[in-house]
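Report on one structure; see the data block that follows.
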Amino acid sequence: MASASWAAPTTFAPALAWGLGRIKAAPLPVRTLPRRVLLRAASESAMVAGDTLLGLYEEERLGLPQYAGEESDEETYWETLDADLRYWTRSLRPVQWYPGHIAKTEKELKEQLRLMDVVIEIRDARIPLSTSHPKMDSWLGNRRRIIVLNREDMISTEDRNAWATYFANQGTKVVFANGQLGMGTMKLGRMAKSVASGVNTKRKEKGLLPRPVRAGIVGYPNVGKSSLINRLLKRRMCPAAPRPGVTRELKWVRFGTDLELLDSPGILPMRISDQTAAIKLAICDDIGERSYDFPDVAAILVQMLIRHPAVGSEAFRRRYKIDVDNDCGKMFVTKLSILLFNGDTNQAAFRILSDYRKGKFGWVALERPPA
């Protein structure tokens with residue numbers, strides 16, 4: 001009687017599943033699917049492997065194993081993140097969004113900026129660099145500026161301290177705020193009046209009557225400009241909703257007798273050249289949903305968070321009861337879609353993005369100050 005023996009499957013797909021399956025056993029009792037099913041589903045969602053996220057991540061998994069078997073500390077994570085993002089996004093469809101009203105708004109805003117005593121630039125505290133318009137410095141010139149990092153409740157204390165130190169070293173006035181709850185709004189009002197206090201001093205010297213300080217509120221779409229104004233005024237004066245593109249025209253509103261605020265629609269560059277910043281805008285819902293593919297963006301978010309020292313792959317296992325195979329974000333989105341959404345990767349991707357935006361992985365920023 002011939003002795004029992006095992007042999008590799010002869011066809012390609014089972015052979016691949018057989019070979020990968022023998023490399024590493026799942027360390028936790030999580031839900032699994034046959035690997036050939038996952039590979040088939042992922043392949044069916046990608047027509048040309050070389051130009052797709054799946055192909056990109058498979059190349060990374062096979063050719064760049066610098067993360068395998070080792071935990072990068074916090075400093076290393078932030079040092080290598082931008083390089084990783086550039087690598088992951090190089091073969092993706094570019095994220096671009098420039099609705100027609102933005103061009104008109106940009107022209108009108110530049111005209112109004114000449115009338116401003118102080119400009120209040122609202123940024124997303126999770127991505128302060130990516131939500132800064134590249135032309136803002138040239139538009140403002142020597143005008144006084146206050147930077148507001150909105151959604152401070154969505155970042156950690158360590159993130160907050162790092163950005164506070166960074167802006168203090170630059171000599172830039174910064175306010176951390178939560179436009180939904182009104183935190184930081186009164187401080188912002190006092191700071192705006194203080195920064196522009198010299199306006200009426202000069203008017204008095206010229207024999208002119210004092211006038212309200214004019215402050216312009218500018219920033220990217222959906223960073224919370226209108227919500228912040230409504231909280232500051234303690235009444236709903238500006239339309240606000242948790243999606244980009246709600247405010248579509250400039251609007252002056254008065255705060256008391258000595259401060260006027262200009263609410264403006266979100267402004268973006270006509271073309272976003274930095275696609276690592278564009279991906280972060282998509283993750284944080286600071287750009288229109290039609291500008292990006294949900295599965296692509298969610299897969300990159302998975303890749304970012306499983307490497308994040310405060311999150312890690314264990315957070316995904318606990319939340320979804322699914323293993324993160326070979327640190328591959330695309331594979332994880334595919335697995336989640338099959339297990340929970342009948343193979344719909346868009347729904348699976350939306351769930352992952354929504355969970356991050358709701359703090360289900362903890363409140364963590366996606367940027368830290370440059371070294």
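The values are calculated or read from the model by the stated rules, or taken from the named source; none is laboratory data. Being a predicted model, the structure only gives us computed values, none of them experimental. Quick reminder, even Gly has a Cβ in these numbers, built from the backbone with ideal geometry, and neighbours come from all protein chains shown. Just so you know, the surface numbers come from the protein's heavy atoms only, side chains and all, with ligands and any DNA or RNA stripped out. Shrake-Rupley method; radii C 1.70, N 1.55, O 1.52, S 1.80 Å.
Annotations
- FRET efficiency estimate (nearest 0.05) - Cβ-Cβ, residue 339 to residue 319, R0 22 angstrom: 0.95
- Spin-label pair residue 114/residue 96, simplified geometry with 7 Å Cα→Cβ offset, distance in nm: 3.1 nm
- Stretching residue 293 away from residue 82 to a fully extended chain increases their span by 73.9 nm, per 0.36 nm per residue minus the current alpha-carbon distance.
- Residue 206/residue 371 FRET efficiency (R0 35 Å; Cβ-Cβ; nearest 0.05): 0.15
- Between residue 183 and residue 310, the contour length at 0.36 nm per residue exceeds the Cα-Cα span by 43.2 nm.
- For residue 365, the residues whose modelled amide H falls within less than 5 Å of its own, excluding neighbours fewer than 5 places apart on the same chain, are 156.
- Accessible solvent surface per residue of the range 102-206, calculated while the other protein chains remain in place, 1.4 angstrom probe, Å²: 50 Å²
- Modelled spin-label separation between residue 168 and residue 357, with each label point placed 7 Å from Cα along the Cα-to-Cβ direction: 3.3 nm.
- Anchor residue 335: aspartates and glutamates whose Cα lies under 15 Å away (excluding residues fewer than 8 positions away in-chain): 44, 296, 323, 325, 327, 344
- Computing FRET efficiency as 1/(1 + (r/R0)^6) for residue 73 and residue 194, where r is the C-beta to C-beta distance and R0 is 56 Å, gives about 0.85.
- Sum of side-chain charges, residue 260 neighbourhood, beta-carbon under 12 Å (Lys, Arg +1; Asp, Glu -1): +2
- Greater than 24 Å apart at Cα, pairs in 321/360; 110/204; 135/187; 110/225; 135/358: 110/204; 135/187; 135/358
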